[in-house]
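The values are calculated or read from the model by the stated rules, or taken from the named source; none is laboratory data. Keep in mind it's a predicted model, so treat the numbers as computed, not measured. Using ideal geometry, Cβ is built from the backbone for each residue, glycine included, and neighbour counts are taken over all protein chains shown.
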Amino acid sequence: MRIVKNDTVMVVSGNHRGKVGQVLKIFTDKQRVIVKGVNLVKRHTRPTQKDPQGGIVEKEAPIHLSNVMLYDEKSKKPTRVRFKTLTDEKGSKVRVSAASGEVIETKTGS
C-alpha cells in the first residue's frame, strides 16, 4: 500500500476536503482508513463496567483510501507516492514523493 499507519494525509474529496490528519488504522480488505480528527460520528453507548456513565461518544469513522493523499510537509500540498528501488546491497524498496522526489520517512511509534 502507498499509505501506511502514522502517515500524514490530506482529504482530497468529500465533506472533509482539505483536512489534514494522521492515519490511525488501515483496513486493507475494505480499502479504508481512519484519519485522526476527520469524519467524526456520534456513537450512542450504553453503560458498561468499563464506562459506567455511557452516553454519546464522538469517534472517527473510516473513509475510502481513494479520498486521501499523502501530505507533503515541504510543499504543504498532497502528493502521489511512487516506489523506487535503491542501489544498495539489499536493493531496498522505498516510497518517494512524486512532487518533490524525496524519500518518504516511515514514522514509527504509538
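Computed values, structure above
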{"quantity": "Within segment 34-110, strands (runs of 3 or more DSSP E) holding 3 or more residues that are at pLDDT 90 or above, among the aromatic types (Phe, Trp, Tyr) and farther than 23 Å from Val12 by Cα", "calculated": "none"}
{"quantity": "Any hit, segment 55-65, residues being over 21 Å from Lys25 (Cα atoms) and either surrounded by 12 or more Cβ atoms within 10 Å (Cβ to Cβ) or not polar (S, T, N, Q) (or both)", "calculated": "yes"}
{"quantity": "Subset tally (residues that are part of a loop (DSSP other than H, G, I, E, B) and in contact with a helix residue (DSSP H, G or I) (Cβ under 9 Å, 6 or more places away or on another chain)) for segment 1-27", "calculated": "8"}
{"quantity": "Near pairs, Cβ below 6 angstrom, 6+ apart or cross-chain, from segment 1-20 (in contact (Cβ under 8 Å) with a residue 24 or more places away in the chain) to any residue that is loosely packed, with under 14 Cβ neighbours inside 10 Å", "calculated": "Asn6/Lys107; Val11/Arg17"}
{"quantity": "Yes/no for Val68 being surrounded by 11 or more Cβ atoms within 10 Å (Cβ to Cβ), touching a residue at least 12 places away in the same chain (Cβ under 8 Å) and more than 15 Å from the chain's Cα centre (by Cα)", "calculated": "no"}
